[in-house]
Amino acid sequence: MHPCLQTDDIVRLICAEVTYGSLAALAVTSRVFQPHALDVLWRFQGSIRPLLQCFPSDLWEYRVSEYVRNEETTAANTLHLRRAIKPSDWDRVNVYSSRIRCLTLPEVPEVDAEFLKELRASLEGKPLLPRVTCLSWKITNDSIVPFIHLFLSHSTTMLLLWPSPLMTEVSRNLKALLPNLTYVFIFPPESSIPSEFKMVSSIAGDAICQYSDLRSVLIPDVDQKCALHLATMPKLERLYLEHVQDRDHGRSSLDLPKDGFPALVSLSVASETISLAPELFRAMSTSPIERLVVRHFHTPTPAQWTELYATLGSRDSLEYIKISQEWPDASPFFPAPIAPSLLRPLLSSPNITTVILCTTGGIDIDDDILRSMALSWPHLEYLTLTTPNLMSPFVPRATLDSLATFVTHCPELCGLEYRLDARIPPEFVQTPDHRIWNDEITTLSLLDSPVANTEMVASFLLNLFPSLEMITISSPLTPDADSTFSAWFKVHSSMERVSSLRRPCNQDIQLLARDWTLEHTHSGQLLVPTYQY
């Protein structure tokens with residue numbers, strides 16, 4: 001045997017890279033690999049049934065049982081007990097139970113309540129999974145809820161909880177049950193009934209307030225008490241608010257200290273409007289915030305946009321910004337686009353790598369604001385300025401010149417997506433002494449950008465992006481859609497011809513081309529692939 005295989009750390013690294021099928025083979029054929037292979041095979045479990053099936057086969061059986069979900073009766077295969085559990089039945093189960101680190105209990109009941117009752121009696125207060133660190137509980141069946149204690153352990157540091165009768169029971173003394181929790185994720189209900197959201201948020205807030213050293217929290221909403229408690233947590237790094245009640249629906253403003261959230265690096269807020277985000281961000285004036293995500297469902301007013309972007313400026317630590325409207329407003333009137341001046345506070349954050357802005361009205365960008373972005377964000381990797389609509393009624397003011405600006409000033413750039421006017425390509429000549437290009441971008445998304453002078457546009461794009469594989473454009477069902485489609489098809493054809501002229505004569509170098517097809521995707525986009533060498 002090779003001496004390296006006598007080192008546990010090396011064997012663990014090997015097991016971490018091997019596929020599950022090979023790990024199973026190693027576990028039954030190699031004494032060296034067996035313990036570490038079993039650790040990996042049992043570490044993450046999406047069900048408790050594999051462990052319970054390690055009991056003697058005469059102890060359990062499967063039966064079809066019915067359970068109620070959303071007032072509908074559904075059948076499921078459930079593990080049932082055939083006889084009482086004896087102490088000797090645990091020998092094989094104990095070999096594997098301590099290896100489980102992460103367990104997910106799905107919504108569909110997998111084990112009969114009588115089986116769990118017998119397990120609880122046989123364990124005599126000991127945990128079934130003594131070393132589990134992560135528990136994901138999706139069960140909503142009332143008969144199973146009382147047995148959650150079977151799956152809890154003082155070693156548990158992460159809890160993922162979906163709304164169920166369990167929430168009220170567990171939240172009252174969560175700290176006593178799980179004293180070492182550092183990651184708590186309590187998800188909002190599927191129902192859109194406001195009273196249910198309020199109830200779940202209240203229960204979640206009471207549970208969170210029992211802890212003072214959490215590192216990551218996900219809850220539907222926060223009230224003043226919970227928000228203030230979160231703001232004073234010294235180790236909280238990530239906060240996710242998944243369904244924030246809007247101020248227009250009775251919410252009062254939060255009163256938070258300006259030096260709150262001392263360790264927070266990531267904030268995600270989802271709400272009907274963006275009204276709460278500025279309040280939270282003002283309380284993070286000294287936070288080392290790196291990542292901000294704001295998801296909203298209604299188009300903000302100009303005053304709300306101004307307030308939000310004004311609070312985002314001058315954050316040296318900020319790297320990732322995503323402000324996204326989840327779907328277009330139902331109004332038949334297209335809202336006015338965001339003025340580029342509103343974005344200027346973002347330019348004072350020099351370490352930005354990703355900006356994703358999506359709103360119904362779009363953003364009225366021009367070459368001037370795009371040039372300011374390129375100069376202010378030298379580490380920029382991805383820029384997306386778009387709308388949930390398939391098209392915008394406004395003619396874009398940005399031009400193809402802006403692409404060259406980003407390539408010149410943002411050497412780490414990997415992706416661009418925004419509308420521009422591609423009808424007049426700029427004068428662009430590459431010389432041996434002055435040549436700019438970006439070979440990281442393989443896909444360019446230009447939405448419903450108008451285009452003309454297709455051969456010049458094709459030459460410009462290939463000069464700037466020699467590794468370009470695909471151009472993605474929107475294809476809305478409008479009278480102009482066919483002409484836009486046809487124009488970009490001509491750009492593709494021209495790029496194909498230019499690529500063929502650049503092909504080297506050396507027969508040993510092959511063209512790595514992909515066959516292309518034009519088709520409308522489910523998202524209403526047209527994919528126009530080009531060639532890559």
(request) Please state which of the following conditions P194 fails to meet, knowing it meets all the rest: (1) in contact with a Lys or Arg (Cβ under 6 Å, 6 or more places away or on another chain); (2) modelled with pLDDT under 95; (3) of a type outside the set (A, V, I, L, M, F, W, C). (result) (1)
(request) From the list L413, L403, L444, pick out the single residue that is in a strand (DSSP E or B) and closer than 22 Å to I369 by Cβ. (result) L444
(request) May I ask you to verify whether L51 is part of a helix (DSSP H, G or I) and modelled with pLDDT under 90? (result) no
(message) I'd like the residue in segment 191-214 that is in contact with a Phe, Trp or Tyr (Cβ under 9 Å, 6 or more places away or on another chain) and assigned to a loop (DSSP other than H, G, I, E, B) and, out of all such residues, is farthest from F151 (Cα to Cα).
(response) S191
(request) Kindly establish whether T359 is polar (S, T, N, Q) and touching a Cys at 6+ places or on another chain (Cβ under 7 Å). (result) no
(request) Considering (1) within 24 Å of F197 (Cβ to Cβ); (2) in contact with a Phe, Trp or Tyr (Cβ under 7 Å, 6 or more places away or on another chain), say which one L116 fails and leave the rest. (result) (1)
(request) Might you let me know whether segment 143-163 holds any residue that is farther than 25 Å from H229 by Cα, touching a residue at least 24 places away in the same chain (Cβ under 8 Å) and of a type in the set (S, T, Y)? (result) yes
(message) Given the criteria polar (S, T, N, Q), closer than 15 Å to L256 by Cβ and in contact (Cβ under 8 Å) with a residue 24 or more places away in the chain, does Q224 qualify?
(response) yes
(message) Can you tell me how many residues within segment 64-85 are surrounded by fewer than 11 Cβ atoms within 10 Å (Cβ to Cβ) and over 33 Å from the mean Cα position of the chain (by Cα)?
(response) 3
(request) Tell me, yes or no, whether segment 184-204 has at least one residue that is touching a Leu at 6+ places or on another chain (Cβ under 7 Å) and more than 22 Å from H296 (Cα to Cα). (result) yes
(request) Take the residues in segment 254-307 that are in contact with a Lys or Arg (Cβ under 7 Å, 6 or more places away or on another chain) and of a type in the set (S, T, N, Q), then tell me which one is farthest from L318 (Cα to Cα). (result) S275
(request) Kindly provide the set of residues from segment 417-454 that are out of contact with any Gly (no Cβ under 7 Å at 6 or more places or on another chain) and among the hydrophobic types (A, V, I, L, M, F, W, C), ordered by number. (result) L420, A422, I424, F428, V429, I436, W437, L444, L446, L447, V451, A452
(request) Take the residues in segment 11-33 that are surrounded by fewer than 14 Cβ atoms within 10 Å (Cβ to Cβ) and not small (G, A, S), then tell me which one is modelled with the highest pLDDT. (result) L13
(request) Considering only residues that are surrounded by fewer than 19 Cβ atoms within 10 Å (Cβ to Cβ) and not hydroxyl-bearing (S, T, Y), look in segment 266-278 and name the one that is modelled with the highest pLDDT. (result) P278
(message) Please go through segment 301-344 and give me each residue that is part of a loop (DSSP other than H, G, I, E, B) and at pLDDT 85 or above, ordered by number.
(response) R315, D316, S317, L318, E319, A339
(request) Search segment 391-429 for residues being surrounded by 16 or more Cβ atoms within 10 Å (Cβ to Cβ) and out of contact with any helix residue (DSSP H, G or I) (no Cβ under 9 Å at 6 or more places or on another chain), and hand back the single one that is farthest from L464 (Cα to Cα). (result) S392
(message) Looking only at residues that are among the acidic types (D, E) and outside any loop (DSSP other than H, G, I, E, B) in segment 355-390, which one is surrounded by the most Cβ atoms within 10 Å (Cβ to Cβ)?
(response) D367
(request) Collect the residues in segment 416-454 that are more than 22 Å from I356 (Cα to Cα) and of a type in the set (V, I, T), keeping them in residue-number order. (result) I424, V429, T431, I436, V451, T454
(message) Among the residues in segment 454-465, are any closer than 20 Å to T387 by Cβ and modelled with pLDDT of 80 or more?
(response) no
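The values are calculated or read from the model by the stated rules, or taken from the named source; none is laboratory data. Remember, it's a predicted structure, so these values are computed and weren't measured experimentally. Using ideal geometry, Cβ is built from the backbone for each residue, glycine included, and neighbour counts are taken over all protein chains shown.
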